[in-house]
Amino acid sequence: MRMPGVSFPRTLLEFQARFPTPEACRAYLRLVRWPEGFVCPRCRGPEAFALPRRNLDQCKACGYQVSLTAGTILHRSRVPLPQWFWAAYLMSTLKPGISALQLQRTLGLGSYQTAWLLCHKLRRATVRPGREQLVGPVEVDEAYIGGREIGVTGWQTATKTLVVIAVEVRGRRAGRVRLHVIPDASAASLTAFVVLNVTSGSRVITDGWTGYADLKARGYRHMPKPQRTPRASRQAAALGPSGRLEPEDVAVGDVPWGRSRPPAVLPGRVHVSVQPALRSGACVPVPAGDWGPAATHDLQAVAVFGVR
Ligand SMILES: [Zn+2]
């Protein structure tokens, strides 16, 4: 989304001239949040008093006090706004991205942890909620994240999380990826995931599991691979044979756990990047496809306004 009349700074100097102070950053955020002028989130009232000392706006109609950054990754951050803006700018313009360590040094951030958190929040926010669906051929499979459990076989799981993964097949390479935590491998869970994430009419390749049987009726060119019985396939998927889509094929965001320490609970959405697994803490650039053609040079698309 590009703001009418707001051009994206083309150079570092231009950026520096545009966003030198917290006030300049706030003015930009205000323009992005309320392009038509203030709107009260509670009563839709169009007028507000400014409370400059507390950086709040107070609705004239209902008295509600609104923070410009409420609901965004910037809210209640101790990092000054210009640093946030610089981080977003550098992350969105440098290729292939910038590491937390580089960011810490470049912006003079107090600690590596702060830089890491900034990277992490910005990266999460760059996943656009309304992003495009995958286009076929797409391979869909489920897998457990959390590694092998001792004394547990097949479908049973004590601590592992079942995820369903869709990957665009581009020759021998993987394209864009969608990943979702699902409660079970039922047709309801799997079909809902595919309908949400894959363009109707696409070729969808799965194993022979009956949970995918509805895809044809939902308008997909479903191509089940019949080489394994569903149960054997599922057990194999849990154990991780080569040549199949396995969770270790994708770096799960930058969540700092190793395979030896499975998470008890994963968040509802897991953002992945088609990259070899990186050291935890490293910045993972979002795949080019996820940014959209115009988004790379759009400060707003690096989602200063992403949901926390
Ligand atoms: Zn109001």
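The values are calculated or read from the model by the stated rules, or taken from the named source; none is laboratory data. The structure displayed is predicted, hence computed values, not measured ones. For neighbour counting, all protein chains shown are included, and Cβ atoms are generated from backbone atoms with ideal geometry for every residue, glycine included.
For the reader, a short list of remarks on this structure follows.
- Boolean, Phe38 is out of contact with any Cys (no Cβ under 6 Å at 6 or more places or on another chain), within 16 Å of the ligand (Cβ to nearest atom) and more than 18 Å from Thr106 (Cβ to Cβ): yes
- Odd one out for Tyr112 among (1) among the aromatic types (Phe, Trp, Tyr); (2) modelled with pLDDT under 90; (3) surrounded by fewer than 20 Cβ atoms within 10 Å (Cβ to Cβ): (2)
- The condition of being surrounded by fewer than 14 Cβ atoms within 10 Å (Cβ to Cβ) and away from the ligand (no atom under 16 Å from the Cβ) holds for only one of Pro96, Pro82, that being Pro96.
- Of all residues making up region 41-54, the number that are near the ligand (Cβ under 10 Å from one of its atoms) and under 14 Å from Ser67 (Cβ atoms): 3
- Selected residue (criterion: surrounded by the fewest Cβ atoms within 10 Å (Cβ to Cβ)) from residues of region 53-76 that are hydrophobic (A, V, I, L, M, F, W, C) and out of contact with any helix residue (DSSP H, G or I) (no Cβ under 9 Å at 6 or more places or on another chain): Cys62
- Residue tally, condition surrounded by fewer than 17 Cβ atoms within 10 Å (Cβ to Cβ) and among the small types (Gly, Ala, Ser), over region 99-108: 1
- Ala50, sole failed condition from (1) loosely packed, with under 12 Cβ neighbours inside 10 Å; (2) among the small types (Gly, Ala, Ser); (3) touching a residue at least 60 places away in the same chain (Cβ under 8 Å): (3)
- Here Thr69, Thr11 are screened, and the one residue that is touching a residue at least 24 places away in the same chain (Cβ under 8 Å) and more than 16 Å from the ligand (Cβ to nearest atom) is Thr69.
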